[in-house]
Structure formats: structure tokens, C-alpha cells
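Participant: Got a structure for you, written out below as C-alpha cells; questions coming shortly.
The values are calculated or read from the model by the stated rules, or taken from the named source; none is laboratory data. Worth saying up front: this structure is predicted, and the values here are computed from it rather than measured. Neighbour counts run over all protein chains shown; Cβ positions are idealised from the backbone, glycine included. Protein only, heavy atoms only, side chains kept; ligands, DNA and RNA dropped before computing areas. Shrake-Rupley method; radii C 1.70, N 1.55, O 1.52, S 1.80 Å.
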Amino acid sequence: MFGECHAHIFMDGINYKKAAALHKNEVQDVVIRKHFQKYADLGIGFVRDGGDALGVSKRAKELASEYKIDYRTPVFAIHRNGYYGSIVGRGYTTMGEYYNLVLEAKKQGADFIKIMTTGIMNFNEQGNITGNPLPKDEVKEMVHIAHEEGMAVMSHTNGIYGVQAAIEAGVDSIEHGNYIDGETIKMMAESKTVWIPTLVTVRNLLGCGRYQDAALLPIVKQAEESLSMAWEAGVQTALGSDAGAYQVMHGEGIRQEYEAFLQILGNVQGIDQWLLNGERQIRERFQTIN
């Protein structure tokens, strides 16, 4: 069974606000254990978290071994104040503050650093990303600082500009990577960056009523085209479902993600090995260097 390369243990796939509120005053072990049990029951032994601002993933790291799960976390994601990212982490204004957050994450036991360089898809404006992306030079400095501290970098990034900036900066993984083109995919293929497309974050919204399917279907189609190009180009790719996001349940999410890959690419020879190679890169890089 493949591992889950992108999850949020503090979310429940149903209601973000209620899930976060459970941990507001004190991290609830019973919730973490419930999610871990789902992974264990399905034979999923590797989970890489995307962090949170409540200390949930930090506590989860302490409990994971009880379920024989190799669990990695950035503890919290890091975003620029005024930009997208407060939902899962802590913010900075100056690069000095960013550096201090990197050190704080390390102090709290982070296995890697997660940065937020763009917003998310705007479902009301096809092809657009919410907010503004961070400038290329800022992303480059963020990655440099993290790497100098011996930490791999997980980057929440969407859009052509954002993804190309992250690749040029040398991030170790791109999370989501929606709305990219052939040139960007070629850049990714020529880099050491691993792509985690998180396809089911949109595919699982179809028919749920939160958004019109007419708005979702073009996003799904574009993601399918990007994945097909990535397969042909040999981009290092791994499975991550963004488990905990709306309609993406812990445990089931990664199985659905794998099924989506097969539906898009067909059950052709080499897909499993391709994905296992990508996951191997994630496992090897996203751990603290002692």
C-alpha cells in the first residue's frame, strides 16, 4: 500500500471549523487516534502532514508509533503575513522573522519546513489563484534558509508563476500545483522537485453541492492533462490526497487518489513503480538530518 504524502491530521474531511475548534483549548488525543486507526486499518504506514497552527501534528508525531505509522510533520506551515496560510500555520513579516520560525519549528521537532507561496484556486474565477504569489527572490531566500538549517522544503504552491518560482528556488516538493502548463512541467521534470498533485481535493467535490460542477469540471480536466504530461515527461510524482480537506477522508483519501491516477493514465505498466519512486524520494528527504 502506498503512503499518504499530504495529510492534515487536525482536519476531519467534514467541517474544518468544528474540527479545529476541538483542539482550540487543548489537543484532543482521541481525535488523532481515530484518524491514525483508519490509516492502520488500511495498512497505510507512512503519513506526511502539512502542519497546523494548533499543535495537533506535533502531538500526533508522539502518538504515531503506537499505530506503527512513520509520521512526518513540519509542526506548522510558514506564510507571509497578509497572504494565504494562516489556516495551517504561523506568519512572518521580515526574513528575520521567517528565520526565527524555521528555528522554532526545528526546536519543536519538525521533520521539514513547509512554506506557503501562493493562495488557492478561485472557484469563482476559472484559472485564477486567490491573492498574490510571493516574489521569486523571496521564495528563493526562504528555501535557502531552510536548506542551510538541514531541512527539506514542502511548498504549497499553485499557478505557473508560483510553481516555476518554487522549482527555481529548489523546493523539495510542490503541493497541489494547479493551473500549470507544459513549460512548467518540463522544468519540474528537469529538477529534483517531487510533485504531489492532490487530485481528489477537487474531484471529491463533484456532486457535493458546495460548488457548481460546471465550475469544477474544467479544473478536473486541466489537472488530468497536467498529470498526463507529467507522466510522459517523467516528473517525480507521489501520492498525497490532502486528507482532512473537505470530502477527503483520512485513510480513504489516498486510495481515492491512487484510483484517480489510474483513471487518468490507465492501468499501464510502470505507474506503481513511478509512484513508489516518488514516495521514496519523499521518505528520504523529508526527515531531520542529525
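Participant: By what distance, in whole Å, do the Cα atoms of the chain stretch along each of the three principal axes, largest value first?
Facilitator: 43, 42, 37
Participant: Can you give me the relative contact order of the chain as a percent, contacts being Cα pairs under 8 Å and 6 or more apart?
Facilitator: 20 percent
Participant: Just the number, please: carbon plus sulfur as a percent of the accessible area of the stretch 196-236, 1.4 Å probe, no ligands or DNA/RNA counted.
Facilitator: 50 percent
Participant: Determine the relative contact order of the stretch 225-290: mean sequence separation of Cα pairs under 8 Å and six or more apart, normalised by residue count, in whole percent.
Facilitator: Dividing the mean separation by the residue count of the stretch 225-290 yields 40 percent.
Participant: Taking a 1.4 Å probe, which of LYS18, LYS68 shows the most accessible area, and what order do the others take after it?
Facilitator: My answer, sorted largest first, is LYS68, LYS18.
Participant: Per DSSP H run of n ≥ 4, the term is -39500 (n - 2.57); total these for the chain, divide by its residue number, and report the mean residue ellipticity at 222 nm rounded to 500 deg cm²/dmol.
Facilitator: -13000 deg cm²/dmol
Participant: With the other protein chains left in place, how much accessible area per residue, in square angstrom, belongs to the chain at a 1.4 angstrom probe?
Facilitator: That works out to 43 Å² for each residue.
Participant: I would also like to ask the following. Could you work out what % of the accessible surface of the stretch 43-124 is carbon and sulfur, using a 1.4 angstrom probe and leaving DNA, RNA and ligands out of the count?
Facilitator: C and S fraction of accessible area: 47 percent.
Participant: Pull up the cross-link candidates among the aspartates and glutamates for LYS58, meaning alpha carbon to alpha carbon under 13 Å and not fewer than 8 places away within one chain.
Facilitator: Of all the aspartates and glutamates, those that pass the test against LYS58 - Cα under 13 Å, at least 8 places apart if same chain - are GLU26, ASP29, ASP49, GLU104, ASP111.
Participant: May I ask for the distance between the Cα centers of the stretch 197-260 and the stretch 21-67, given as a whole number of Å?
Facilitator: 23 Å
Participant: Ok, one more. Mind putting together the pair-distance distribution for the stretch 139-257? All Cα pairs, 10 Å bins, whole percent per bin, short to long.
Facilitator: Bins of 10 Å from zero give 14, 42, 32, 11, 1 percent of pairs.
Participant: Could you please report the charge total around HIS144, scoring K, R as +1 and D, E as -1 over all other residues with beta-carbon less than 11 angstrom from its beta-carbon?
Facilitator: Within the 11 Å Cβ shell, the charges total -4.
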